[in-house]
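Here's the structure we're looking at; comments come further down.
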Amino acid sequence: MSTYKGRALGTIGHFGTISFHETKNYQCGEGGALLINDKNACKRAEIIQEKGTNRSQFIRGEVDKYTWRDVGSSYLLSEMNAAFLSVQLDNAEGIYEERMKAWNWYKTGLQQLETQRFITLPEIPNDCRHNAHMFYIKVQNLAERSKLMEYLKQNNIMAVSHYVPLHTSQAGLKYGAFVGEDLYTTPESEKLIRLPLYYGIEKEEVNHVVNHIQKFYQQ
Ligand SMILES: *Cc1c(COP(=O)(O)O)cnc(C)c1O
């Protein structure tokens, strides 16, 4: 449901992936989709996801028995997970609109704090349409973030940080590399707080969170 220069994300390039992990807008616990715009790669992917066999061709009646053809593993979504996901995809617009409403309530509700230069809010570039996956604010620095997160926690509001930049993680230090000097990535990531946003969140609940952030800065 998000686009870049009018093109749906996942359709730019030969391969695109979409996650259906439980934290995502459309989800079935675990799972995902691989989008391919090349017929041959598509055929091969079908075999790889079926444990390296051409069982899909067999099920469609294209061959009279199936066997191993390639490397592979069991990458199939179960029927139950697929059913759970399928109805969400049918209602994709509705779910999108609900999330977008909540996203905009936050954006409007917190505008004043941004004008007063206490926090910064997400800016969506003109070329992009986003899908309201998450709403975040940025505060001045790490110390302030810790204080605000603690304050929200004491008021039963779950607001969390986002991931550490991968190059600073244990595995990143081992396998990755940072090109140039880390002037922005780490400092910016330390300012970020994610606010509660889920399908069905109500306006009063968003206002409750907004009011507490305002109270924090009044103090
Ligand atoms: C998206 C996400 C995952 C899983 O992503 P996959 O691409 O489906 O592996 C796991 N944990 C969190 C918190 C996520 O946001």
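Semi-axes of the equivalent ellipsoid of the chain: what are they in whole Å, largest first, if each equals the square root of 5 times a C-alpha gyration tensor eigenvalue? Numbers along the way, then the final one.
Details: eigenvalues 330, 96, 53 Å².
So the equivalent ellipsoid measures 41, 22, 16 Å along its semi-axes.
Work out the FRET efficiency for R60 and E22 from their Cβ-Cβ distance, taking R0 = 22 Å, and round it to the nearest 0.05.
After rounding to 0.05, the efficiency reads 0.10.
Provide the FRET efficiency to the nearest 0.05 for the L142-W68 pair, computing r from the beta carbons and using R0 = 41 Å.
Details: r = 52 Å, r/R0 = 1.28.
Efficiency, from the Cβ-Cβ distance: 0.20.
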Full-stretch length increase - N37, V160 - with 0.36 nm per residue and alpha-carbon distance subtracted: 40.6 nm
Three-way shape label, region 48-112, alpha-carbon gyration tensor, a/c 1.5: prolate
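Grab the Cα-Cα distance for L121 and S169, subtract it from 0.36 nm times how many residues apart they are, and report the gain in nm with one decimal.
Details: separation 48, 0.36 × 48 = 17.28 nm, distance 2.60 nm.
Gain on stretching L121 to S169: 14.7 nm.
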Under 17 Å from K203, Cα to Cα: aspartates and glutamates that are on another chain or at least 8 residues apart: E97, E98
Cα centroid separation, region 130-204 to region 79-97 (Å): 28
Relative contact order (percent, whole number), the chain, Cα cutoff 8 Å, 6+ residue spacing: 18
Reachable aspartates and glutamates from K138, criterion Cα separation under 14 angstrom, eight or more residues apart if same chain: E114, E123, E188, E190
Rounded to 10°, Cα long-axis angle of helix 92-109 versus longest principal axis of the chain: 20
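None of the figures in this text is laboratory data; all of them are computed from the coordinates on show. Note that the coordinates shown come from a computational prediction; the quantities given were computed from them, not determined experimentally. Note that we place each Cβ from the backbone using ideal geometry, even for glycine, and neighbour counts take in every protein chain shown.
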